1. Can you tell me which residue in region 13-23 is farthest from MET219 (Cα to Cα), limited to those that are open to solvent by 100 Å² or more (accessible area, probe 1.4 Å) and at pLDDT 75 or above?
2. Any chance region 319-329 includes a residue that's part of a loop (DSSP other than H, G, I, E, B) and either among the aliphatic types (A, V, I, L, M) or under 26 Å from TYR295 (Cβ atoms) (or both)?
3. Looking only at region 330-355, which residues are over 16 Å from the mean Cα position of the chain (by Cα) and part of a helix (DSSP H, G or I)?
4. Inside region 1-97, counting only helices (runs of 4 or more DSSP H) that do not spill past its ends, which hold 3 or more residues that are within 40 Å of the chain's Cα centre (by Cα) and more than 25 Å from LYS112 (Cα to Cα)?
5. Quick check on region 176-210: of everything there that is of a type in the set (Lys, Arg) and open to solvent by 40 Å² or more (accessible area, probe 1.4 Å), which residue is nearest to TYR291 (Cα to Cα)?
6. Regarding GLY214, is this residue under 23 Å from LEU321 (Cβ atoms), at pLDDT below 80 and not polar (S, T, N, Q)?
7. Please name all residue pairs, on different chains or six or more residues apart, with Cβ atoms under 7 Å, provided the first residue is in region 66-90 and is closer than 17 Å to GLU34 by Cβ and exposed (fewer than 13 other Cβ atoms within 10 Å of the Cβ) and the second residue is modelled with pLDDT of 80 or more and of a type in the set (Gly, Ala, Ser).
8. Check whether at least one residue in region 391-404 is touching a Gly at 6+ places or on another chain (Cβ under 8 Å) and at pLDDT 85 or above, and report yes or no.
Amino acid sequence: MTFLSPLLFVGIAAFVGYLGSLKADVKDIAIHDETGIFISEFKNSDEFHYINMSNVDLKVLKDSLVQETFEGLIFIPKTSNFQTLENEIQYLSNDSPSITFLAETENVIAKKLTKLNFESAKLDTLAIQKAEAKVNIKVAKSSGEESLKGLNEIKIAIGGAFGYLIMMFIIIYGNMVMRSVIEEKTNRIVEIIISSVKPFQLMIGKIIGTSLAGILQFMIWAVIGLGLLFASSYFLGVNAGPTAKVPPEVMEQAQAQMSSVQLYMKEMWNLPLGTIIVCFILYFIGGYFLYSSFYAAIGAAVDNETDSQQFLLPIIMPLILGVYIGFFTVINDPHGDIATIFSMVPLTSPIVMLMRIPFGVPWWQIVLSMVILFGTFIGVVWLASKIYRVGILMYGKKPTWKELYRWLKY
């Protein structure tokens, strides 16, 4: 599964994309337009087919809806003026329509009403259309090289993916440490183990051993992922000749899209991928060591996983907070005070800092963040070992936060 998991993710993503490309069943929408003005504005699409039912009695159409002859009915009544009509149009159906469909329908009617309002005000609609400006801002670097729109989104996606992986690895492998401690405790194996090994050494051994397993798994995933990335960039770079006659405008559009994709791939390779991978490993080790100390202490304090739930939420909350801060703050201001501060706080820095690195972070901030992270780990291990050595031999009693504090004072 270690080798197959990345391929399964790619396969699932491809399958979801394939399902998304499948065309949905065409839905018949009846239109009863008493004004006779809007019926020509509705154009058939791959999803909706509009049928003019303006000559059919409205009651008959409503009965057809009950019998599900039509998906829905757009009823446009005849009114004295257009301003009244804005709030009189109805959509009748047995099921609630999608927001997208309603927005598109409102947009079609609003455009026609706007045009009619211009004509009633004796404004030249053709001149107004010609006067409409469409701005396309080109993005370039200070060196003069061409750049692309949406690079920030790509950077936050890459950083977010690595940050999310760290969170998932910490939760998965931290739970493995906790379950291992609970299992040894409930089976009384730990009583034999600590006769030869100090509790602190046993806890550190569990943390290091599980972290090495996680790093090995990540390295396998990284090699497979980079191989897939190389393969995709190679195939995108291959200029295959056309097998059939293609219209010039279609060919130009396809070539423009291909060059845009290649430019995006080039920009992705220009990102500090080496720094991201190295920092991912270091932050994973530091973050995992830090949180696994908590997990080991909790596993030693309880007799089963059910009793551990009250202690797990305060541990998981900083991880979730780091993800939300990364997605909602880093993308808007990666070098702002909030993003910088939380990339230094040890409980959130493994996630937030990895989201900032694709945007370019000074080395001194990365080094300072890691020093704080590993320094906090040493302090937390020292505290967790106190809970560990007391709780690992405690049986038959559900611990409380007050008791954990008392064990820290022993």
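1. This residue is TYR18.
2. Scanning region 319-329, I find no residue that is part of a loop (DSSP other than H, G, I, E, B) and either among the aliphatic types (A, V, I, L, M) or under 26 Å from TYR295 (Cβ atoms) (or both), so the answer is no.
3. ASP337, ILE338, ALA339, THR340, ILE341, PHE342, SER349, PRO350, MET353
4. Here the list reads 4-21.
5. The selected residue is ARG179.
6. Yes; evaluated as a whole, the condition is true for this residue.
7. Nothing qualifies.
8. No, there is no match, as no residue in region 391-404 is touching a Gly at 6+ places or on another chain (Cβ under 8 Å) and at pLDDT 85 or above.
The values are calculated or read from the model by the stated rules, or taken from the named source; none is laboratory data. None of the values given here were measured: they were computed from a predicted structure. Heads up, the Cβs are rebuilt from the backbone with ideal geometry, glycines too, and the neighbour counts pull from every protein chain shown. With ligands, DNA and RNA removed, areas are computed over all heavy atoms of the protein, side chains included. Shrake-Rupley method; radii C 1.70, N 1.55, O 1.52, S 1.80 Å.
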